[in-house]
Structures are given as structure tokens and as C-alpha cells.
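Q: I'd like to ask you about the structure that follows.
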Amino acid sequence: MTCNSRSFFSGKFLRFILAGVAGSSLLVVANDTPPDRIPSYVEWTQHTIAAASSGDAFRGMLLAKRCEHCHGSEGFSPVASTPNLAGLDKLAIWKQLEDFRARKRISPVMGPIAESLTVHDVADVVAYYGALPVFSDPQDNRSFPQMRSNPDHASVASRLISFGDGSRGIPPCQACHGPVAYRPGAASLMNQNSEYVLNQLEAFANGSRANDINMPMRTISALLADNERHALAEFYGSGMGLDPNSSK
Ligand code: HEC
Ligand code: HEC
């Protein structure tokens, strides 16, 4: 952490000078994404995991009143471009809120909201959303499928989710996003909204979202073809992502 912050500050200082020379700090900082840019200040140490797991779900429920308008009551967002938070892995929610706060993940909507939360608040909302049921909730008023689906897409998606594509070096999604295994910080996508999944895959592919540690998602998503990103979004947004083999 110390080492990261030190290199960040020296990098930032350099950029600041460059920005001053160019006369427009915002423009230069926004366009300046050197390959060694630190994707996130979050590190998966025991300390981080303990901090992310220490929240008070009841207090989180009260705080979540601020989030309901967009993320839906009980975490099921009615808007397909806004993510569901119900039952998401705690570490994943925690990391995203920390990244929004640190501006490592840029969102004009979530940035100021996350900044308004204290470290305690973050742990509490994480405890609340992480404990909500993922399926069969009366508050889930979404209708499926969320995207017009192409009949050929189901097999494209389920192959990538279960097997990946060895010839292009793409690992199976389920090795990190479940149900087979979970990588710390990788959210379950099983009941996510389609348009949100598509937007995130596109953002990773074009680098506008760059907060993935060791860049698995920027690498994988850039290797996918456009129709594959659509197929995966349709699949996960079908509400059936729990078990790829159970799909039509
Ligand atoms: C005005 C609407 C709005 C409100 C209010 C709002 N959010 Fe969000 N939230 C969004 C949108 C839109 C995104 C997706 C941002 C993106 O596309 O990068 C998002 C993304 C997130 C994510 C990332 C999820 C993921 O799977 O990566 C988390 C976590 C989150 N919000 C938590 C919260 C919490 C906690 C609150 C309340 C304290 C809250 N949000 C309030 C609109 C909102
Ligand atoms: C090697 C592990 C790994 C593999 C394989 C992987 N992912 Fe990810 N993915 C991650 C991690 C870690 C994150 C969280 C990045 C971060 O910290 O912001 C993530 C984030 C995402 C997100 C954003 C989720 C959110 O809630 O914001 C989407 C969508 C996604 N991955 C889709 C996929 C798809 C589709 C595949 C298969 C083609 C895939 N991933 C394969 C590790 C992986």
C-alpha cells in the first residue's frame, strides 16, 4: 500500500507538471493512461477482507434508502443499465465502492454518491446488499429476456462461460464469476442486468473501465468479438446464468 501510494504520488506529481505545461490539467490527466497505472488501491490482504466483512447489515439497510431509487428495493434494479446489487459478493461490492471513492472507476453518477459514504457506511451497505437473496424475490419485478436475443447466441455464451476459448487464451468466465469458482472481487453475474453487463464488457475492452487488478477483464474483453459480448450479456441478463448448462 505504502509503495503503491508513493509511486502514485510521484506519477501524479509528474502528470501535474505536464498538465501545467499543457495548460489544461483535466484534459492531460484524462488522456494519460500509462501502462503501469495502478488500477485500484484495494489489495486483497487479510486486513482488507476483514474490513469489507465487518459491516452492520441493519445500519446498511437504513443507508440503502439512498440507493433504492436506482438500485431498486431489495437490490433489483428495474433499469437494465443499472446493476443489481442483491446478493452480490461482499468483496465485489466493497471494492467497487472503494474504487468509485478513489476515482479508480469513473462514474459521474456513483462517484459523488460513494464519496458521500464513510468507510463505515461502505462496510454497512456491503453487509446489507451482500445478505439479500439473489433469486425468487417478490421485489424483483424485472421481466426476461431483457435484450432481444439472437437464437445462435445462447450456445456462444454458454461455451465461453463453461470452457472459454483456449485458442485465443480466453479462460472460462465461470472460473472467476461462479458457479465453479470465485476470484476475490469478481461479482457473481448470474442475475445481473443485460445492458449493464454489456456496458461493462465494452468499457473494459476500450479501457474506459480500468480498475481490474492485473487486468483480467481488460484483456479478456478485448479478445472477445462484438457478438460474443452481446451473447454473454444476453445470457447473464436472462436470469439463468446460475448454471450455464441449464440454458435452453
Ligand atoms: C442515481 C442513481 C444511483 C443511485 C442513487 C445509486 N447508484 Fe449505484 N450505480 C448506479 C449506476 C448507473 C451504476 C453503474 C455505473 C457504471 O455504469 O459504471 C451504479 C453502480 C454501483 C455499484 C457497482 C456494482 C457492480 O456490480 O460493479 C455499486 C456497488 C453501487 N452502485 C452501490 C450503490 C450504493 C451503495 C448506493 C447508495 C448509497 C448507490 N449505488 C446509489 C446508479 C445509482
Ligand atoms: C481470471 C478471472 C476472470 C475471468 C476468467 C473472467 N473475469 Fe470478469 N471479472 C474478474 C474480476 C476480478 C472482476 C472485477 C474487476 C474489478 O475489480 O473491478 C471482473 C469483472 C467483470 C464484470 C463487471 C462486473 C460488475 O459487477 O461490475 C463483468 C461484466 C465481467 N467480469 C464479465 C466476464 C465475462 C463475461 C467473462 C468470460 C468471458 C469473464 N468476466 C471472465 C475476473 C475474471
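Only the coordinates and a few stated rules stand behind these numbers; no lab work does. None of the values given here were measured: they were computed from a predicted structure. Note that we place each Cβ from the backbone using ideal geometry, even for glycine, and neighbour counts take in every protein chain shown.
Q: List the trypsin sites (Lys or Arg not before Pro) within segment 39-144 that fall in a DSSP loop (any state other than H, G, I, E or B) and whose Cβ has at most 14 other Cβ atoms within 10 Å.
A: Counting only loop positions with at most 14 other Cβ atoms within 10 Å, the trypsin sites (Lys or Arg not before Pro) in segment 39-144 are Arg103.
Q: Projected area of segment 39-137, taken from the Cα convex hull and averaged over every viewing direction, in nm²?
A: Details: hull surface 24.4 nm².
That works out to 6.1 nm².
Q: Within segment 206-238, list the residues whose amide N lies under 20 Å from a label point set 7 Å along Cα→Cβ of Cys70.
A: 208-212
Q: Another question about this same structure. What is the gain in length, in nm to one decimal, between Arg37 and Asp152 on full extension, counting 0.36 nm per residue of separation less the C-alpha to C-alpha distance?
A: 37.6 nm
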